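The values are calculated or read from the model by the stated rules, or taken from the named source; none is laboratory data. Here the structure is a predicted model, which is why all the values come from computation and not from measurement. Don't worry about glycine lacking a Cβ; one is built from the backbone with ideal geometry, like all the others, and counts go over all protein chains shown.
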């Protein structure tokens, strides 16, 4: 049995990422910014956007993504059914793993405290690309 993040728990389609950029709630911290929107499924999904602006070194960007996926894997069953897009900020590159995990865990708690606010507006679409 694989202990990683299953395929259905990840956002993979460009249309889903575009929908997150256009109409979603957002909050953030020092190292990460999170966008979220209700997804109509029965589980949360994660999408990552860690650009070269965060770090020029691929090894550093990949380390940050691994930490984010692991943190999400641990709490995903507690989260409401939303799509989450986590974007990295430049400050994330210099911090050690435990500091990054502490910040992202605080962001998951913030999302859980905003749970009643996760309602779709009438104009919200599920995505722009047909499935």
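Here are a few things to note about the model shown:
- Residue in segment 7-16 that is modelled with the lowest pLDDT, counting only those that are surrounded by 12 or more Cβ atoms within 10 Å (Cβ to Cβ) and closer than 19 Å to residue 76 by Cα: 16
- Only one of the numbered conditions (1) surrounded by fewer than 19 Cβ atoms within 10 Å (Cβ to Cβ); (2) at pLDDT below 90 is not met by residue 60, and that is (2).
- Residues in segment 67-81 include none that are farther than 21 Å from residue 109 by Cα, surrounded by fewer than 15 Cβ atoms within 10 Å (Cβ to Cβ) and free of Cβ contacts under 8 Å to residues at least 24 places away in the same chain.
- Out of 110, 115, sole residue that is surrounded by 12 or more Cβ atoms within 10 Å (Cβ to Cβ) and modelled with pLDDT under 90: 110
So that you can scan it fast, the table gives a plain yes or no per residue for (1) touching a helix residue (DSSP H, G or I) at 6+ places or on another chain (Cβ under 6 Å); (2) on the phi > 0 side of the Ramachandran plot; (3) modelled with pLDDT of 90 or more:
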{"position": "41", "(1), (2), (3)": "no, no, no"}
{"position": "45", "(1), (2), (3)": "yes, no, yes"}
{"position": "85", "(1), (2), (3)": "yes, no, yes"}
{"position": "99", "(1), (2), (3)": "no, no, yes"}
